[in-house]
Amino acid sequence: MFKKAWVMKLLLNIWPPFFFCGIRIAYLSADFREARVELKMRPWNKNAFGTHFGGSLFAMTDPFYALMLSALLGKEYYVWDKRADIDYIKPGKQVVFATFNITDGMLNDIIANTANGDKYLPEYPVMVQDNKGDIVAKLNRQLYVRKKKRHR
């Protein structure tokens, strides 16, 4: 998929579903291990109460673990988003952000659980925070990870 982090960052920042919602990848490490995604308040992403639209909060967390893990695991694996849930904690009225981190432990866990060709469904929490550090929303993102048939 992506071999260079700066290419992924650039393409996602101009991708219409993110660009027009005000979602921006502020940081993506060269090794695909860390990302910070921001959502700015725009007139077109406010809800009826003048706070961030919940769909935008959900969308800003959507592809990151899957894309980052795909880059790290390589072409031998399928990595897809499978399921997610969101718990809205407090209204977001300013710039909000989410941080994604891939650890050695996460990678080792995936490799161990898929070594025999089995599918693996890891879950990772994501916190959307405002600039004060207050949690705006909590998400659980579940992935589907499996070695491709020819690599099993």
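Please give the contour-minus-distance gain from His151 to Trp15: 0.36 nm per residue of separation, less the Cα-Cα distance, rounded to one decimal in nm.
Values: separation 136, 0.36 × 136 = 48.96 nm, distance 3.15 nm.
45.8 nm is the gain from fully extending His151 to Trp15.
Please state, rounded to one decimal and in Å, the Kirkwood hydrodynamic radius that the chain gives when every pair of distinct Cα atoms enters the mean of 1/r.
Its Kirkwood hydrodynamic radius stands at 16.1 Å.
Set the Förster distance to 30 Å, then compute FRET efficiency between Ala30 and Asn116 from the Cβ-Cβ distance, nearest 0.05.
In this case the efficiency is close to 0.40.
Coordinate-derived values only; no laboratory data. Not measured: the values here are computed from a predicted model. Virtual Cβ from ideal backbone geometry, glycine too; neighbours counted across all protein chains shown.
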